[in-house]
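**Student:** I'd like to ask you about the structure that follows.
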């Protein structure tokens, strides 16, 4: 039986297009990023990948970050420097430490940071939390003031611990707020003060694009009670550390809630990572194995960190990536997100396409150069992919089979190991063999100009 006035095939297609049009448009909008989104980069202090529920931990309470990972993308192979200042210098400049790291607690004054680039694109900028880039008196009177202050690194607004002076970071903190030192009483908690400042900045700038960088004060030692700790008389540092992880997660939840309250969540890219591995005094259990914190070490326990990206409506939920990411990649990723030209001569490469579900230009390897105190420590470097890791002294490791790096592979190597050695040696050979030393840099910088003024 023939239907009266049947629809032609083209007509049927038009009918379905009309019926499904709103949904199709919605899906298309989710695939295309907003023009100049707000960007929030959160970097926790001294916490490795093993301390998060979304990475498999059952020991730590991280419900807010677990939710962001479930609703965004989580990277399983993200790597930082083994220590705080080296990571801060690298993440802010997009350059390997071998090119621009000259001393602990120092960011050389000639460096251009991700805040500088975003400021040029019309972003309002703020940094809150921990600075440690100017050369505080606590580390060396000789190095004091040889680094960079926040306004000279592209930040218009700031609330920071350890700019020029040290002081307490937790109870009764000493913070530098927009150029003025503020000594808070014992009832104030430093991480809360910094977060409150950030929330106020977000509210004030919610009608235009902003970049907020939050190098957190938590969870660095001393391991002391948080405002949520039930037994504040306890001396159990492991228990306090676990409470600090939970409080760090709580602050991340407050920031996400603020984006929702302000109605800007769908136009805000939030990235969360850590600056290096967990303190060596801490023990964590993951997948039935105990992991000793590796801060300061070149192993996975010292360099492998969490990386979560969240952007409702733009980043598809529930994704996990095995792409290699290292800290020099953040600057080109942020400029890419902001629609700015990719700066030339960086060591990093953007992983922004991967956030959008596109292949991008995934790394085949990463390179890490580590010399935390050039005036007295010898440098070390490695190149690695997801499996193989080659040090500049010739040691080669099959990391999944030897995570603690106790058994360097011996000759004769298997064919895959030999191929990895050849490829990774080429990466090592492509980089300078030695970095800078602040003691020399302060008298004759890389370009011969004085840096002591």
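The values are calculated or read from the model by the stated rules, or taken from the named source; none is laboratory data. Note that the structure is predicted; figures quoted are calculated from it, not measured. Neighbour counts run over all protein chains shown; Cβ positions are idealised from the backbone, glycine included.
**Student:** Scanning region 171-195 for residues that are in contact with a helix residue (DSSP H, G or I) (Cβ under 7 Å, 6 or more places away or on another chain) and assigned to a loop (DSSP other than H, G, I, E, B), which turns out farthest from residue 229 (Cα to Cα)?
**Tutor:** 184
**Student:** Determine if region 280-289 includes at least one residue that is within 18 Å of residue 78 (Cα to Cα), assigned by TED's automatic domain parsing to the domain that holds residue 121 and in a helix (DSSP H, G or I).
**Tutor:** no
**Student:** Can you tell me which of 316, 246, 309 is within 21 Å of the chain's Cα centre (by Cα) and in a helix (DSSP H, G or I)?
**Tutor:** Numbers: 316 fails: in a helix (DSSP H, G or I); 309 fails: in a helix (DSSP H, G or I).
Testing whether each residue is within 21 Å of the chain's Cα centre (by Cα) and in a helix (DSSP H, G or I) leaves just 246.
**Student:** Check whether at least one residue in region 294-312 is out of contact with any strand residue (DSSP E or B) (no Cβ under 6 Å at 6 or more places or on another chain) and under 18 Å from residue 37 (Cα atoms), and report yes or no.
**Tutor:** Yes, because at least one residue in region 294-312 is out of contact with any strand residue (DSSP E or B) (no Cβ under 6 Å at 6 or more places or on another chain) and under 18 Å from residue 37 (Cα atoms).
**Student:** Among residues belonging to region 141-170 that are part of a strand (DSSP E or B) and touching a residue at least 40 places away in the same chain (Cβ under 8 Å), point out the one that is surrounded by the most Cβ atoms within 10 Å (Cβ to Cβ).
**Tutor:** Of all residues in region 141-170, those part of a strand (DSSP E or B) come to 157-161.
Subsequent filtering for residues that are touching a residue at least 40 places away in the same chain (Cβ under 8 Å) retains 157, 161.
Values: 157: 21, 161: 27.
It comes out as 161.
**Student:** Could I ask something else about it? Scan region 202-209 and tell me whether some residue there is in contact (Cβ under 8 Å) with a residue 40 or more places away in the chain, assigned to a helix (DSSP H, G or I) and within 24 Å of the chain's Cα centre (by Cα).
**Tutor:** yes
**Student:** Condition test on residue 268, is it modelled with pLDDT of 95 or more, within 23 Å of residue 124 (Cβ to Cβ) and in contact with a strand residue (DSSP E or B) (Cβ under 8 Å, 6 or more places away or on another chain)?
**Tutor:** Numbers: modelled with pLDDT of 95 or more: yes; within 23 Å of residue 124 (Cβ to Cβ): yes; in contact with a strand residue (DSSP E or B) (Cβ under 8 Å, 6 or more places away or on another chain): yes.
Yes; evaluated as a whole, the condition is true for this residue.
**Student:** List every residue pair whose Cβ atoms lie under 6 Å apart, where the two residues are 6 or more positions apart in sequence or sit on different chains, the first residue falls within region 241-259 and is assigned by TED's automatic domain parsing to the domain that holds residue 293 and touching a residue at least 24 places away in the same chain (Cβ under 8 Å), and the second residue, located anywhere, is surrounded by fewer than 23 Cβ atoms within 10 Å (Cβ to Cβ) and assigned to a helix (DSSP H, G or I).
**Tutor:** Correct list of pairs: 249/64; 252/64; 253/64; 258/199; 258/202; 259/265.
**Student:** Please specify each residue of region 43-64 satisfying the condition of being part of a strand (DSSP E or B) and either out of contact with any helix residue (DSSP H, G or I) (no Cβ under 6 Å at 6 or more places or on another chain) or at pLDDT below 95 (or both).
**Tutor:** 43
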